[in-house]
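J.: The structure is given below, and queries will be raised subsequently.
Values in this text are rule-based calculations from the coordinates and carry no lab data. Keep in mind that what you see is a predicted model, and the values were worked out from it rather than measured. Virtual Cβ from ideal backbone geometry, glycine too; neighbours counted across all protein chains shown.
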Amino acid sequence: MNTLPNECYYAIFNKLERNYRSLFSCALVNRQWCKIIIPILWREPTIHLKDARLIRIFLLTLNTEEQALLIPFKISLPSHPKPLFEYTSYITSVSNDLYDGIKKWLPYKTENELENAIKCSLIAMFLRTSKNLRHLSLNGPICNQTIFENLYKKTTITSMDLCEFKYKAIDGLVTFLNKNSTLTSLNLRSIQLEYEGS
């Protein structure tokens, strides 16, 4: 039996990019199709970032350094086996919908500190694992050194949205902007540039 080259399958399945149900069905046909479809499904999960199940999968991908950010909060992370694919490596865009997904994943109303810790852990993980991350939205107090260290290394980001960015994080942002030659769009909203005392 003759089979098409992977490039042909990729072109066909790429046409179904927004038809998630059909892509999921096709991914179950065989391993070859699955390996082609999974990167397409996970490339732009923007509208699905609000889904608590996705947050659970993302939390399974955290390394020990990213998990350490959550230790003070004594939350129990998912204990399922790691996914077969490193889904986050395919993601090209992380939007503000991620923050809604975090709120839905948490079983009870929590303080902002816990939500921010989870957000920082996940953003650090996306920066570490995503091979083609092009758009990143950072919302709220992001001044974690792990995030900036990963951000400095990320040369694929072409656009960023920053909202409610604090004075403490400006040095890290300036270093990123000096090192990044691929950034073509920077959207700043509610940036607090005044000094916030020690």
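J.: To the nearest Å, what is the center-to-center distance of segment 173-187 and segment 24-56, using C-alpha atoms only?
T.: With segment 173-187 and segment 24-56 each reduced to a Cα centre, they are spaced 30 Å.
J.: Please compute the modelled spin-label separation between I12 and Y152, points set 7 Å along Cα→Cβ, answer in nm with one decimal.
T.: The answer from the label model is 4.7 nm.
J.: Let me ask something additional. Can you put V94, V174 in order, fewest other beta carbons within 10 Å first? Don't skip to the end; give the middle numbers.
T.: Numbers: V94 23, V174 10.
Ranked by crowding around the Cβ, least crowded first: V174, V94.
J.: Please list, in order, the residues from segment 23-43 whose amide nitrogen is less than 12 Å from a point placed 7 Å along the Cα→Cβ vector of L4.
T.: 33
J.: Please quote Rg/Rh for segment 1-116 to two decimal places, taking the Kirkwood radius as Rh and restricting both calculations to Cα atoms.
T.: Details: Rg = 16.9 Å, Rh = 16.0 Å.
So for segment 1-116, dividing Rg by the Kirkwood Rh gives 1.05.
J.: 222 nm [θ] for the chain, helices only, -39500 (n - 2.57) per DSSP H run of 4+, per residue, to 500?
T.: On the way: 9 runs with 90 residues, N = 198.
Taken over the chain, the calculation gives -13500 deg cm²/dmol.
J.: Taking neighbour counts of Cβ atoms within 10 Å as a proxy for exposure, in what order, fewest first, do T175, T146 appear? Please report the intermediate quantities before stating the final value.
T.: Numbers: T175 13, T146 19.
In order of increasing Cβ crowding within 10 Å: T175, T146.
J.: Run through all the Cα pairs of the chain and give the fraction in each 5 Å bin from 0, expressed as whole percent.
T.: Reading upward from the zero bin: 1, 7, 14, 18, 19, 15, 11, 8, 4, 2, 1, 0, 0, 0, 0.
J.: By how many nm would the segment from H80 to S159 lengthen if fully extended, with 0.36 nm per residue of separation less the alpha-carbon distance? Show your work: numbers first, answer last.
T.: Details: separation 79, 0.36 × 79 = 28.44 nm, distance 3.36 nm.
Once the chain is fully extended between H80 and S159, it gains 25.1 nm.
J.: Which Cα, out of N187, S130, I147, lies furthest along the positive dipole direction of the chain (beta carbon charges, K/R +1, D/E -1)?
T.: The residue sitting farthest along the positive end of the dipole is S130.
J.: Now, a different point. Hey, fewest Cβ within 10 Å first, where do S95, S159, S79, S130 land in order? Can you show the working numbers first?
T.: Numbers: S95 18, S159 15, S79 6, S130 24.
With the sparsest Cβ surroundings first, the list reads S79, S159, S95, S130.
J.: Dividing the Cα radius of gyration by the Kirkwood radius, what Rg/Rh value follows for segment 87-126?
T.: Working: Rg = 10.7 Å, Rh = 10.9 Å.
Here Rg/Rh amounts to 0.99.
J.: Run a plain Debye calculation on segment 1-42 (Cα atoms as equal point scatterers, no solvent) and give log10 I(q)/I(0) at q = 0.18, 0.29, 0.30 Å⁻¹, rounded to two decimals, same order as the q list.
T.: Result of the Debye calculation: -0.43, -1.06, -1.12.
J.: Continuing with this model, one more query. Just subtract the alpha-carbon distance of L114 and N19 from 0.36 nm times their residue separation and send over the number in nm, one decimal. Present the calculation step by step, with values, prior to reporting the outcome.
T.: Numbers: separation 95, 0.36 × 95 = 34.20 nm, distance 3.46 nm.
Contour length minus Cα-Cα distance gives 30.7 nm.
J.: At what distance in nm do the modelled label points of Q32 and T182 sit from each other, each positioned 7 Å from its Cα along Cα→Cβ?
T.: 3.1
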